[in-house]
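Enquirer: Take this structure first; my questions come after.
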There are 2 protein chains.
Amino acid sequence: MWKPDRNAKIPIYRQIVEHLERRIAFGELPPGSQLPSERRMAEQLDINRSTVIQAYEELRASGLLESTVGRGTSVSRTKWGLTPSQTPNWHHYTEGGAFLPNLPLMRRIREVTRQDDQLIDLASGELSDDLFPNRLIQDLLKEQPFEEHLGYELPQGHAGLRGTLSLFLERQHGIRTTGSSILVTSGSQQSLYLITQCLLSPGDAVAIEDPSYSYSLPMFQSAGLRICRLPVHKDGIEPGDIIQLYREHRIRMIFLNPNYQNPTGSVLSMAKRKRLLEIAAEYRIPVVEDDPFSLTTMQPEPPQPLKSLDQDGIVMYIGSLSKIAASGLRIGWLVAPQSVVARLADARQQMDFGLSIVSEWLAERLMSSERFDDHIMNLQLSLQLKRDQMAESLHKHLPGEVLFDLPQGGLNLWCKINHKINDSRLLEDGIRSGVVFVPGSVYGSEEGYIRLSYARPLLKEIDPGIMALAQALRMQNAR
Amino acid sequence: MWKPDRNAKIPIYRQIVEHLERRIAFGELPPGSQLPSERRMAEQLDINRSTVIQAYEELRASGLLESTVGRGTSVSRTKWGLTPSQTPNWHHYTEGGAFLPNLPLMRRIREVTRQDDQLIDLASGELSDDLFPNRLIQDLLKEQPFEEHLGYELPQGHAGLRGTLSLFLERQHGIRTTGSSILVTSGSQQSLYLITQCLLSPGDAVAIEDPSYSYSLPMFQSAGLRICRLPVHKDGIEPGDIIQLYREHRIRMIFLNPNYQNPTGSVLSMAKRKRLLEIAAEYRIPVVEDDPFSLTTMQPEPPQPLKSLDQDGIVMYIGSLSKIAASGLRIGWLVAPQSVVARLADARQQMDFGLSIVSEWLAERLMSSERFDDHIMNLQLSLQLKRDQMAESLHKHLPGEVLFDLPQGGLNLWCKINHKINDSRLLEDGIRSGVVFVPGSVYGSEEGYIRLSYARPLLKEIDPGIMALAQALRMQNAR
Ligand SMILES: Cc1ncc(COP(=O)(O)O)c(C=O)c1O
Ligand SMILES: Cc1ncc(COP(=O)(O)O)c(C=O)c1O
């Protein structure tokens, strides 16, 4: 986002005037566009409200802006000799379409973390900068010249990367497959998107965990799916619940995150895994296993994915580099029967024509590098340190007030708050105290839970982050 | 695709047996999966039919495959003790969903070009390998260490790249904008996808050119849009036609490729550009300007995009690196009012979470490199040489039989065949003669046209390619 330059010779209010003039002239803010209120604009730009008032006044004087009581400030419609009818009613367009906007709480969290880098971020489900393999990537980019074909790629993904992935899947997860059953995607997000858009139809019922990361995705609603819930216990969902849902709603697909589930951290027990596969096979309901976390394990062995036990070709497996290397690489994979992969590859060609060959090439080199295993081992150790630090800080600053099970992998602590809270108010109090986290309602859970990421903050930020959380909780109690 | 290894010690039929066994065991070909006929499989693997027969026989003997008269060969359902009811009916899933498959003629073309690299490719709308900036990219990857943040990016795209793009758009196209009104996409394809999915609703009417590249995209139908056609003349569409379409169908958006239109190569005249913008403003219909080609110009100046003349913020402009640098980079951009960009960025977060930071970083370096202008100049000269070669070969080998206007930019010649042809039969005769091109019906045109790409073949392949086309036409005539 644009910000005024405090060191420039030009006064800040003039910088704002010129910035807005430019945007209006370029048609970026067409006639009728609403501007933020003076207070909000001042917050966004981190300046005094009086400076914004001065800028808006100058723009009103020149006829570029107009303000009406109750409607606030907007770009003048009479400038350029335009009648209001001559610019499209963009509002109609941006409100249309089949796509639901992201959840307001999530948008709020993204907005504040973007604007204020002083906030301690216990909200984002990703690694801190020091855990990314920057050094390794730099070396890989330098070591071997890029010699790939730069034309349109197969929409299914780079053949070399798919080969490397099939070795990786067998070695790390005991999943046996070949390159032709793998689709390379822009992270798990795109795998989920392709499945919900291309294999299901509006009105279909699907089962997801409750609480669940999937619930934070308007994707399921955008695709017009009916959502049935599978409550998550300490050892994962109850497979028998599926039979009930099938009888009542004819569910057509089951979405699970059985390994260090997001947000609860729970792991589906082996007995339940077997029972689940039996039931899915008996009722012929495909299972989508979303598995971004199993390699973040702190146990001697990561949990065995459902896919590695799948005799019936009933499981579609989704993996990603996001939580084990870098989310900004946007590299994920989907393992499914060949006809499914072919269908999804064909559909994705209409969406984006496949991934950039440069990032596929880099991912291939990264995952086949000897140094990748070391990276994973270091990652696991660092995450464990951070998890332990967070648990300790919670015991210290919020003894008895916050309850959680210690997860054996994943990136988060799922915490029950021991007294009544209001989700969005607690979030705002958190922001005021200098910390941000995800209220449980985002994952469809009842109020009274929050998700704390120990992966995203630096180790040294964790204790201050929990202190800020304690302060926010005290503000809640005082209300 | 997997192929047997002719130099291996193991007989080819055994290699096939083992390959299929592996795929069946891994669940990639679940029970009931249909296998290609023996003849087709032999073609695909480029081996004798008898070898396939031998392999299938062995697999039938071991119970893995079963063949039934009329239904061909499929993976046995009784293996593994499975009853047919225990594997999902994947067929139901892959036939479902809102996504239409790609057009059969396009699939056929992709299939043969992928399988047979002896074919001369006059079909693909992309550059030949020698025109990609491989050397420059290699140098960029080595020169400066990669130091970008590897976490989740803004879904709107890397800020540095958007800054570079706004300079590029002003310098190359006279389009004045700022980074906040630019969305970075996975090529023009994704820009079109986001617009059709997020700004329009099923049942909306839109206008596209006839013939048009857009017509080759099932995307419009997948989004449930009603398509109205604007016939393309030598100097582009007739703006007055829009009024008619608006009265009859209330069209909500106009999709145009006004600069070296794909497939016709036509350029919308300046007088028509102005009239079009007036009409669009008067009826408040947004215009999508799809402009992948203007920098492939052979004229002293590229045509001036509609967006550079747009006073009313009524044009959404789409550009891409695909046709001017490398399609495999999957970098495109969309310029639109800020509220539209924000909406599309929010929606794309649900689809793919944005692009890989590595390719955005590379694109930023490429487009801000001093050597990029040289690359573009060389490209323009090479394309002109190839276009002239193709025109000459057509005159020589098919005098009077094939009519075309010489395009001043773009990648293709749009040819009228002077006698009756059958589109798909001509394509098959072409393949038999060693050449592939796109029949006009793919673009929604009446039969009797073909699109020949002079960009994709090497210069030296153009004359043999046209000779093969001449042979295919003789085969047609002989029928
Ligand atoms: C369970 C789960 N699935 C999928 C994703 C999406 O990850 P990506 O698209 O970056 O691979 C996340 C991210 O938090 C997740 O927690
Ligand atoms: C007119 C037009 N628009 C869009 C595209 C898609 O190009 P890309 O997604 O590679 O930018 C093409 C490709 O041929 C095209 O011809």
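Enquirer: Calculate, for chain B, the solvent-accessible area per residue in square angstrom, rolling a 1.4 angstrom probe over the heavy atoms of the protein chains.
Expert: Here the residues of chain B average 38 Å² of exposed surface.
Enquirer: Which of A:3/A:323; B:272/B:307; B:234/B:274 have a Cα-Cα distance over 22 Å?
Expert: Result: A:3/A:323 exceed 22 Å.
Enquirer: Now for a separate question. Quick check: at a probe of 1.4 Å, how many percent of the accessible area of the range A:149-370 sits on carbon and sulfur atoms? Could you put the intermediate results ahead of the total?
Expert: Working: 2890 of 6000 Å².
Accessible surface attributable to carbon and sulfur in the range A:149-370 totals 48 percent.
Enquirer: Output the relative contact order of chain B, whole-number percent, from Cα pairs under 8 angstrom with separation of 6+ residues.
Expert: 18
Enquirer: Any idea what angle helix A:134-143 forms with the longest principal axis of chain A, computed on alpha-carbon atoms, 0 to 90 degrees, nearest 10?
Expert: Between helix and principal axis, roughly 80 degrees.
Enquirer: Here is a follow-up. Hey, rough spin-label estimate for residue A:21 and residue A:95, points 7 angstrom out along Cα→Cβ, what's it come to in nanometres?
Expert: Modelled inter-label distance: 3.4 nm.
Enquirer: Report the net charge of residues surrounding residue B:305, where surrounding means a beta-carbon distance below 11 angstrom and charges are Lys +1, Arg +1, Asp -1, Glu -1.
Expert: Overall, the nearby charge balance is -2.
Enquirer: Do you know which residues of the range A:26-49 lose at least 30 square angstrom of accessible area in the protein assembly compared with their chain on its own, with a 1.4 angstrom probe?
Expert: Going by heavy-atom accessible area, the residues of the range A:26-49 that drop by at least 30 Å² are A:26, A:27, A:28.
Enquirer: If you fit an axis through the alpha-carbon atoms of helix B:12-25 and take the longest principal axis of the Cα set of chain B, what angle between them do you get, 0 to 90°, nearest 10?
Expert: It works out to around 70 degrees.
Enquirer: Considering only DSSP beta bridges with both partners in the protein assembly as shown, what is the antiparallel share in %, to the nearest 5?
Expert: Antiparallel bridges make up about 55 percent of those DSSP assigns within the protein assembly as shown.
Enquirer: Say a label goes 7 Å from Cα toward Cβ at residue B:129 in every copy; what distances in nm does this one have to the rest, shortest first?
Expert: Once sorted, the set of distances for residue B:129 reads 4.1 nm.
Enquirer: With just the Cα atoms defining each centre, how far is the range B:276-303 from the range B:163-197? Give it in Å.
Expert: Measuring centre to centre over Cα atoms gives 14 Å.
Enquirer: Check each residue of the range B:329-343 and keep those whose accessible area, probe 1.4 Å, is at least 20 Å² smaller with all protein chains in place than in the chain alone; give them in order of residue number.
Expert: Output list: B:329, B:330, B:337, B:338, B:339, B:340, B:343.
Enquirer: Tell me the angle of helix A:357-368 to the major Cα principal axis of chain A, expressed in degrees between 0 and 90 and rounded to the nearest ten.
Expert: Here the helix axis deviates by roughly 40 degrees.
Enquirer: Here is a follow-up. At what distance in nm do the modelled label points of residue A:10 and residue B:6 sit from each other, each positioned 7 Å from its Cα along Cα→Cβ?
Expert: Placing both labels 7 Å beyond Cα along the Cβ direction yields 6.8 nm.
Enquirer: What gaps in nm, shortest first, separate residue A:36 from its twins in the other copies when you place the label 7 Å past Cα toward the beta carbon?
Expert: Ordered by increasing distance: 5.8 nm.
Enquirer: How big is the B/A interface in buried accessible area, both sides summed, 1.4 Å probe, to the nearest 100 Å²?
Expert: 9300
Enquirer: Now for a separate question. By DSSP, what percent of the beta bridges with both residues in chain A are antiparallel, rounded to the nearest 5?
Expert: Of those bridges, close to 55 percent are antiparallel.
Enquirer: Please compute the net charge surrounding residue A:204, taking Lys and Arg as +1 and Asp and Glu as -1 over other residues with Cβ under 10 Å from its Cβ.
Expert: Here the count lands on +3.
Enquirer: For the protein assembly as shown, just say rounded, prolate or oblate: build the C-alpha gyration tensor, square-root its eigenvalues into a ≥ b ≥ c, call rounded for a/c under 1.5, and beyond that prolate if a/b exceeds b/c, oblate if not. Walk me through the numbers before you get to the answer.
Expert: Working: a/c = 1.76, a/b = 1.07, b/c = 1.64.
Note, shape of the protein assembly as shown comes out oblate.
Enquirer: Another one. If you add up the charges near residue A:371, with Lys and Arg at +1 and Asp and Glu at -1, over every other residue whose beta carbon is less than 10 angstrom from its beta carbon, what do you get? Kindly include the intermediate steps, with their values, before the conclusion.
Expert: Details: positive: A:135; negative: A:139, A:370, A:373, A:374.
Neighbourhood net charge equals -3.
Enquirer: Based on the alpha-carbon gyration tensor of the range A:143-226 and its eigenvalue square roots a ≥ b ≥ c, which shape applies: rounded if a/c is under 1.5, prolate if not and a/b is larger than b/c, or oblate? Each step should come with its number before you reach the end.
Expert: Numbers: a/c = 2.54, a/b = 1.84, b/c = 1.38.
Verdict is prolate for the range A:143-226.
Enquirer: Let me ask something additional. Hand me the GluC sites (Glu not before Pro) from the range A:272-370 located in a DSSP loop with no more than 11 other Cβ atoms within 10 Å, in residue order please.
Expert: A:370
Enquirer: May I ask you to derive the relative contact order of the range B:297-362, considering only C-alpha pairs under 8 Å and at least 6 residues apart, and to give it as an integer percent?
Expert: Working: 40 pairs, mean separation 14.2, N = 66.
This gives 22 percent for the range B:297-362.
Enquirer: Would you be so kind as to list the residues of the range B:186-207 that have their accessible area lowered by at least 40 Å² in the full protein complex compared with their chain by itself (1.4 Å probe)?
Expert: B:189, B:193, B:197, B:199
Enquirer: Once R0 is set to 30 Å, what does the formula 1/(1 + (r/R0)^6) return for the Cβ-Cβ distance between residue A:446 and residue A:270, expressed as a FRET efficiency to the nearest 0.05? Mind showing how you got there, number by number?
Expert: Values: r = 29 Å, r/R0 = 0.96.
Step by step, r from the Cβ atoms, then E = 0.55.
Enquirer: Related question: Under a plain spin-label model, where a point goes 7 Å from the Cα along Cα-to-Cβ, how far apart in nm are residue A:309 and residue B:167?
Expert: 5.7
Enquirer: Distances in nm, one decimal, shortest first, from residue B:475 to the same residue in every other copy, taking the label point 7 angstrom along Cα→Cβ.
Expert: Spacings between copies for this position, smallest first, are 7.5 nm.
Enquirer: In whole Å, how far is the Cα centre of the range A:383-455 from that of the range B:423-449?
Expert: The range A:383-455 and the range B:423-449 have Cα centres separated by 62 Å.
Enquirer: Got a number for carbon plus sulfur as a percent of the range A:387-436's accessible area, 1.4 Å probe?
Expert: On the way: 1030 of 2120 Å².
Carbon plus sulfur share of accessible area: 49 percent.
Enquirer: Related question: Take every DSSP beta bridge with both residues inside the range A:205-284 and express the antiparallel ones as a percent of the total, to the nearest 5.
Expert: 10
The values are calculated or read from the model by the stated rules, or taken from the named source; none is laboratory data. Everything quoted here is computed from the prediction, not taken from an experiment. So basically every Cβ, Gly included, is an ideal-geometry build from the backbone, and we count neighbours across all protein chains shown. To get the accessible areas, we keep the full protein, side chains included, count just its heavy atoms, and leave off ligands, DNA and RNA. Shrake-Rupley method; radii C 1.70, N 1.55, O 1.52, S 1.80 Å.
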